[in-house]
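FYI, it's all coordinate maths here, none of it is from the lab. Computed from a predicted structure; not experimentally measured. Note that each Cβ is placed from the backbone with ideal geometry, even for glycine, and that neighbours are counted across all protein chains shown.
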Amino acid sequence: MARKKLIAANWKMYKTPAEAKAFVDAFLPLVAGHTRDEIALFPSPVLLPTVIAAAKDSNVAVGCQNIHFAEEGAYTGETSVGQLIAVGGTHTLIGHSERRQYFAETDEIVNKKLHTALKHGIVPIVCVGEVLAEREAGKTESVLKTQVTGAFANITAEAAAPIVIAYEPVWAIGTGKTATPEMAVEAHKIIRAEVTKLLGADVAAKMRILYGGSVKPDNATALCGQEEIDGALVGGASLKPDSFTAIVKY
Ligand code: 13P
């Protein structure tokens, strides 16, 4: 059975509440009735109530860019899964490369966050991907295997159904350099093979693996049109309703 694709917007640290509301108000009519793919927006935590209210009863889901693994506590600056749920969020990114790079998130932390998200019924998008030096050194496969194995420690096949993976080669993020569809497909196959090893063929066949890294309207069809690519996680090109719509409707 074909996997339903998911096209997701990672707004990173952009937009004010007014700008976020203007985006949603312009975007919803553009994607009204679009049921071929799932659509999700990932704004900053401070924007969540605004975006969730604006997207209420629509075909657009909303989630956090990050959660803490603890349910609550003295973690200044962090957002808990309970807080996300209380404002109506349903999804979260976990282990985005910018979290790994600038906030020292390890595979172990990613794993703890994944357990927390699943425990509370939040759909997790676990981000993995190699940096340029690793690709050039021929280490892409081993890096992806290590990240997937680390993220999935003690995750059971029964619990794994909601998990989405995003393959985001770090050298393609915000650089305008995109992995070719062939490169992305090859990486997705490595990831799916690892999931098969860890959780079985059934879970792996159903798990969605998104591609992220300089996805734009003009390359979205070539990437998302691949059977092995189950959608996109879009940064820069998701900030404007028209360009994100063009990607959603690739
Ligand atoms: P860009 O689309 O801006 O390259 O960002 C990709 C990304 O990091 C999405 O999470």
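Miscellaneous remarks
- Nonlocal amide H pairs with Ala61, under 5 Å, H built at 1.01 Å: Ile39, Ala40, Leu41
- Along the axis of the charge dipole computed for region 167-250 (Cβ charges of +1 for Lys and Arg, -1 for Asp and Glu, origin at the Cα centre), the listed residues Ala204, Ser214, Ala193 are led at the positive end by Ser214.
- Karplus 3J(HN,Hα) series, Hz, for region 50-60 with 6.51 cos²θ - 1.76 cosθ + 1.60 (x for Gly, Pro): 5, 5, 5, 5, 5, 9, 3, 6, 10, 8, 10
- Choice from Gly88, Gly73, Gly236 showing the highest fluctuation, given a GNM over the chain with Cα pairs closer than 10 Å: Gly73
- Per-residue HN-Hα couplings for region 175-186 [Karplus 6.51, -1.76, 1.60; θ = phi - 60°; Hz; x = Gly/Pro]: 10, x, 8, 10, 5, 5, x, 5, 5, 5, 4, 4
- Sequentially through region 10-16, phi angles give Karplus couplings (6.51, -1.76, 1.60; θ = phi - 60°) of 9, 7, 6, 9, 10, 5, 8 Hz, Gly and Pro residues having no value and appearing as x.
- As a proxy for reagent exposure, ranking Leu233, Leu84 by other Cβ atoms within 10 Å from fewest up yields Leu84, Leu233.
- Rg and Dmax over the alpha-carbon atoms of the chain stand at 16.8, 48 Å.
- When each of Asp230, Asp37 is scored by the number of other beta-carbon atoms lying within 10 Å, the sequence from fewest to most is Asp37, Asp230.
- Taking amide H atoms as placed 1.01 Å from N in the peptide plane, the amide H of Glu130 lies under 5 Å from those of Val170, each 5 or more residues away in sequence or on another chain.
- Put in order of Cβ neighbour count within 10 Å, fewest first, the listed residues Ile52, Ile155 become Ile155, Ile52.
- Helix-only mean residue ellipticity at 222 nm for the chain, each DSSP H run of n ≥ 4 adding -39500 (n - 2.57), per residue, nearest 500: -11500 deg cm²/dmol
- 5 angstrom amide H check on Val123, placed H, neighbours 5+ away: His91, Thr92
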